[in-house]
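K.L.:
Below is one structure. I have some questions about it.
Laboratory data are not the source of any read-out in this text; all were calculated from the coordinates shown. Keep in mind that what you see is a predicted model, and the values were worked out from it rather than measured. Virtual Cβ from ideal backbone geometry, glycine too; neighbours counted across all protein chains shown.
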Amino acid sequence: MTSARPHITSAVGGALAKTSAEAPIGVFDSGVGGLSVLRHIRAQLPNEHLMYFADSGHAPYGDKTEQFVVERALAVTAFLLEHGAKALVVACNTATVAAIKAVRARYPDLPVVGVEPGLKPAVAATRNGKVGVLATARTLKGEKFLQLREQISAASKTEFLLQPAVGLVDLIELGDLEAPAIGAMLERYIAPLLDQGADTLVLGCTHYPFVKAGIERVLRDHARAEVALIDTGDAVARQLVRLLEAAGLLRAPDGAAAEPTLRGYTTADIGALAPAFDKLLGLHPPVEKVKV
Ligand code: DGL
């Protein structure tokens with residue numbers, strides 16, 4: 001046993017399953033975007049076993065109904081729990097906004113961390129009170145997001161300029177991050193935010209950190225290189241550390257213990273996820289195609 005309180009019980013599909021600090025953390029996204037969060041999780045929790053689930057067979061979530069995203073989130077969570085997950089990271093803004101409530105309601109004992117557009121850090125970063133928010137259409141329409149925006153803008157008097165980046169996730173999923181189509185799309189979505197005076201841009205989708213270079217190029221082209229970019233991957237990993245600590249589920253470093261493992265699962269061809277691991281993180285974990 002590697003932690004003070006190594007066992008909790010959690011409901012899995014109605015049954016009770018034992019979890020321990022040795023169990024893996026399940027991380028999921030509609031596709032490869034959550035790898036931008038996994039990067040921070042690996043940096044902050046280097047001893048943990050990890051499973052990454054890319055629901056690429058059903059991506060993008062951003063143009064689907066809320067009900068569809070809730071169903072996918074519950075199905076993927078059930079899969080990760082069947083594969084022993086001790087905690088869940090919903091590494092997708094769209095799924096967090098649409099479905100984290102349903103996931104928490106079904107699995108009340110499971111430590112769950114989600115990711116939402118970083119409006120609070122944006123308020124801390126902005127100097128002129130104008131913040132552009134790039135996210136999927138579903139995220140920006142979600143009640144959870146709209147409430148958060150309402151609250152934060154009332155408290156801080158910040159103006160949030162919402163820009164759905166329709167089609168951007170599809171292009172990023174194709175894997176060519178330098179594609180001219182991505183550059184053109186970033187220009188189309190970001191230029192109006194800059195014209196309206198935004199001095200801070202929230203990357204409200206976990207896919208977008210992977211096109212940060214392209215976003216910075218747009219800012220330079222508009223002579224606005226000083227615009228701050230907000231990505232919450234690091235904060236999500238810190239929250240995960242806190243939850244695991246509180247549940248006594250941190251896997252402690254132990255010379256005798258097995259090396260931490262990483263496994264990938266996808267609902268599309270492994271031909272998309274395996275190269276993404278390589279290209280985005282320089283990793284080559286086993287990747288399996290699953291039907292969920
Ligand atoms: N990475 C997801 C997010 O953070 C993308 C959603 C989608 O598939 O449209 O919102």
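K.L.:
Apply the Karplus curve 6.51 cos²θ - 1.76 cosθ + 1.60, θ = phi - 60°, to the phi angles in the stretch 268-285 and return the couplings in whole Hz, x for Gly and Pro.
P.N.:
Using θ = phi - 60°, the values come out as 10, 5, 5, x, 9, 6, 4, x, 5, 4, 5, 5, 8, 10, x, 10, 9, x Hz.
K.L.:
Taking the radius of gyration and the Kirkwood hydrodynamic radius from Cα positions alone, what is the Rg/Rh ratio for the stretch 83-134, to two decimal places?
P.N.:
Values: Rg = 14.6 Å, Rh = 12.8 Å.
We get a ratio of 1.13 for the stretch 83-134.
K.L.:
Pairs to check: LYS120/LYS141; LYS120/LYS212; LYS64/LYS130; LYS86/LYS144. Give those whose C-alpha atoms are more than 23 Å from each other in this structure.
P.N.:
Result: LYS64/LYS130; LYS86/LYS144 exceed 23 Å.
K.L.:
Can you give me the long-range amide H partners of ALA87? Hydrogens built in the peptide plane at 1.01 Å from N, cutoff under 5 Å, separation of 5 or more residues or another chain.
P.N.:
So ALA87 has HN proximity to GLY26.
K.L.:
What net charge is computed for the residues neighbouring GLY167, neighbours being all others with C-beta under 12 Å from the C-beta of GLY167, Lys and Arg scored +1, Asp and Glu -1? All intermediate terms of the calculation are to be shown ahead of the outcome.
P.N.:
Working: positive: ARG188; negative: ASP63, ASP170, GLU173.
Overall, the nearby charge balance is -2.
K.L.:
Do you know the relative contact order of the chain, to the nearest whole percent, from alpha carbon pairs under 8 angstrom that are 6+ apart? Intermediate values should be presented prior to the final figure.
P.N.:
Values: 557 pairs, mean separation 76.8, N = 292.
Reported relative contact order: 26 percent.
K.L.:
Per residue, what volume in Å³ does the Cα convex hull of the stretch 174-280 take up? Working shown, then result.
P.N.:
Numbers: hull volume 17.5 nm³, N = 107.
About 163 Å³ per residue, rounded to a whole number.
K.L.:
Based on Cβ point charges of +1 for Lys and Arg and -1 for Asp and Glu, what charge dipole magnitude is obtained for the stretch 27-162 about its Cα centre, in debye rounded to the nearest 20?
P.N.:
Approximately 420 debye in magnitude.
K.L.:
Continuing with the same structure: Averaging over every viewing direction, what projected area does the convex hull of the Cα atoms of the stretch 24-80 cover, in nm²?
P.N.:
Computing the convex hull of the Cα atoms and averaging its projections yields 3.9 nm².
K.L.:
I would also like to ask the following. For the chain, with only Lys/Arg (+1) and Asp/Glu (-1) charged at the beta-carbon, what is the dipole magnitude about the Cα centre, in debye rounded to 20?
P.N.:
The calculated dipole for the chain is roughly 640 debye.
K.L.:
Moving to a separate point now. Gap in Å between the Cα centre of the stretch 90-126 and the Cα centre of the stretch 135-162?
P.N.:
For the stretch 135-162 versus the stretch 90-126, the Cα centre distance is 14 Å.
K.L.:
Using helices alone, I'd like the mean residue ellipticity at 222 nm for the chain: each DSSP H run of four-plus residues gives -39500 (n - 2.57), total over residue count, nearest 500.
P.N.:
-12500 deg cm²/dmol
K.L.:
Then there is this: By the scheme Lys and Arg +1, Asp and Glu -1, what is the net charge of all other residues having a beta-carbon under 13 Å from that of ASP176?
P.N.:
Neighbourhood net charge equals -2.
K.L.:
Under the classification rounded if a/c is under 1.5, otherwise prolate if a/b is larger than b/c and oblate if not, where does the chain fall, given a ≥ b ≥ c as square roots of the Cα gyration tensor eigenvalues?
P.N.:
prolate
K.L.:
List, in order, the whole-Hz ³J(HN,Hα) value for each residue of the stretch 49-54 obtained from phi through the Karplus relation with A = 6.51, B = -1.76, C = 1.60 and θ = phi - 60°; use x for Gly and Pro.
P.N.:
Running phi through 6.51 cos²θ - 1.76 cosθ + 1.60 with θ = phi - 60° gives 6, 10, 10, 10, 10, 9 Hz.
K.L.:
Moving to a separate point now. Report, by chain and number, residues whose modeled amide H sits under 5 Å from the one on ALA228, excluding near sequence neighbours (fewer than 5 apart, same chain).
P.N.:
Answer set, sorted by chain and number: THR200, LEU201.
K.L.:
List the extent of the Cα atoms of the stretch 232-292 along each of their three principal axes, largest first, rounded to whole Å.
P.N.:
On the principal axes, the stretch 232-292 reaches 37, 33, 26 Å in Cα extent.
K.L.:
Once a ≥ b ≥ c are taken as the square roots of the eigenvalues of the Cα gyration tensor of the stretch 38-141, is the result rounded (a/c under 1.5), prolate (a/b larger than b/c) or oblate (a/b not larger than b/c)?
P.N.:
In terms of gyration-tensor shape, oblate.
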